[in-house]
Amino acid sequence: MPMIFNKFKAASVQTSPVFLNAEKTIDKAITFIKEASENGAQLIAFPEVFVSGYPYWNWIMTPVQGSKWYEKLYKSAITADGVEVKRICDAAKEFKIHIVIGINERGPSFGEIYNTNLIIDNYGKLIGRHRKLVPTWAEKLTWSSGDGSSLKVYKTEIGPIGTLACGENTNTLARFALLAQGELIHVANYISLPVAPTDYDMAEAIKIRAAAHSFEGKLFTIVSCSTISQEIKDSLREDVPNVDELLNRKNSAFSGFIGPNGAVIGTPLIDKEGIVYADINLEKCIQPKQMHDILGHYNRFDIFDLRINTAPTKNITFIDNHEEFNKR
């Protein structure tokens, strides 16, 4: 049976959510989904925690000041089996498009929020849910850590898709875990981070991370990054009067596409809001692997041995020994 190397158009969105409003943010997402589908895209990527907002207060307030904002975020967070996600799934089915989108996923405990990427196929089925493994730096004040059960690659009609959120795209072992499962389409989503050190070019850093993964794995990386709207800054102004000074900065957001050779495809979006497209041809992943296939001939698995605990984390285990006891 001959192999089929898929060709398709992909879309990447760079925009801000409707801050801490899941319903209106999903309305906005569906508008982009419809537009991308009408332009021929079969995959659309949305930013990290797009539904519906990033905890910028962790970086510009004290933990005590930010506590009330954590409460607001928890109340606006959603569940993977809730009506909000169903709306996104319905849009995927209606417009026949694959979707990767970041959400704040509410856990059962009031102190439990996950930075989660959802993977939805073109039939409207939620096929994957990846929780960010390690919140980055100040993010630890907000998000719980994911586990190895979500380090998966998902087979779809357009090809095998994997995803990581923001800083975990620098985690070499996490990236290799996806590559080893046959990943050819990688979605890396981010938030713009103006509060980074002054000598840190966020847009360039995002591009470097994406290029590294694409070049090492000989695959396509789709990057989607959020922006910081005036609405977000105005919301935080009540606690941080100089919020504009802290959150205004050039080269904070990069969205676009990287090919298997590590080069940028087309013209990416830097800071500006919008949607960009690229034609993806998975056949282009073959020839580069002849040179460096770190999943095959260009590795030494007799020397290196990566083991991954894929068991979901459980906070309690119930054991019923009554029946066994009564038999004694």
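The values are calculated or read from the model by the stated rules, or taken from the named source; none is laboratory data. Note that the coordinates shown come from a computational prediction; the quantities given were computed from them, not determined experimentally. Heads up, the Cβs are rebuilt from the backbone with ideal geometry, glycines too, and the neighbour counts pull from every protein chain shown. Protein only, heavy atoms only, side chains kept; ligands, DNA and RNA dropped before computing areas. Shrake-Rupley method; radii C 1.70, N 1.55, O 1.52, S 1.80 Å.
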Where residues in the range 289-317 are hydroxyl-bearing (Ser, Thr, Tyr) and modelled with pLDDT of 95 or more, which of them is most open to solvent (accessible area, probe 1.4 Å)? 298
Report yes if some residue within the range 75-93 is open to solvent by less than 10 Å² (accessible area, probe 1.4 Å) and either at pLDDT below 95 or in contact with a Gly (Cβ under 7 Å, 6 or more places away or on another chain) (or both); otherwise report no. yes
Within the range 170-191, restricting to residues that are open to solvent by 10 Å² or more (accessible area, probe 1.4 Å) and assigned to a helix (DSSP H, G or I), the one that is farthest from residue 59 (Cα to Cα) is 176
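Please enumerate the residues belonging to the range 58-70 that are touching an Asp or Glu at 6+ places or on another chain (Cβ under 7 Å) and either hydroxyl-bearing (Ser, Thr, Tyr) or surrounded by 21 or more Cβ atoms within 10 Å (Cβ to Cβ) (or both).
Selection gives 58 alone.
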Leading residue by the ranking (farthest from residue 223 (Cα to Cα)) among those in the range 2-41 that are of a type in the set (Val, Ile, Thr) and open to solvent by 70 Å² or more (accessible area, probe 1.4 Å): 4
Answer from 244, 234, 239 - the residue that is in contact with a helix residue (DSSP H, G or I) (Cβ under 9 Å, 6 or more places away or on another chain), touching a residue at least 12 places away in the same chain (Cβ under 8 Å), acidic (Asp, Glu) and surrounded by fewer than 17 Cβ atoms within 10 Å (Cβ to Cβ): 239
Evaluation of residue 104 against (1) closer than 21 Å to residue 237 by Cα; (2) under 19 Å from the mean Cα position of the chain (by Cα) (one fails), failing number: (1)
Would you mind stating whether residue 320 is open to solvent by 100 Å² or more (accessible area, probe 1.4 Å), under 30 Å from residue 111 (Cα atoms) and not β-branched (Val, Ile, Thr)? yes
For the range 143-169, the count of residues that are outside any helix (DSSP H, G or I), closer than 22 Å to residue 226 by Cβ and touching a strand residue (DSSP E or B) at 6+ places or on another chain (Cβ under 7 Å) equals 8
Considering only the range 128-150, state which residues are open to solvent by 20 Å² or more (accessible area, probe 1.4 Å), in contact (Cβ under 8 Å) with a residue 60 or more places away in the chain and touching a helix residue (DSSP H, G or I) at 6+ places or on another chain (Cβ under 7 Å). 141
Does residue 260 satisfy the condition of being at pLDDT 95 or above, touching a strand residue (DSSP E or B) at 6+ places or on another chain (Cβ under 8 Å) and not in a strand (DSSP E or B)? yes
Any idea which of 263, 253 is touching a residue at least 24 places away in the same chain (Cβ under 8 Å), within 25 Å of residue 187 (Cα to Cα) and surrounded by 14 or more Cβ atoms within 10 Å (Cβ to Cβ)? 253
Which numbered condition in (1) part of a helix (DSSP H, G or I); (2) under 29 Å from residue 110 (Cα atoms); (3) touching a residue at least 40 places away in the same chain (Cβ under 8 Å) is the only one that residue 20 fails? (1)
Expected single match for β-branched (Val, Ile, Thr) and part of a loop (DSSP other than H, G, I, E, B) among 232, 316 is 316
All but one of (1) at pLDDT 95 or above; (2) part of a loop (DSSP other than H, G, I, E, B); (3) surrounded by 18 or more Cβ atoms within 10 Å (Cβ to Cβ) hold for residue 276; state the number of the condition that does not hold. (2)
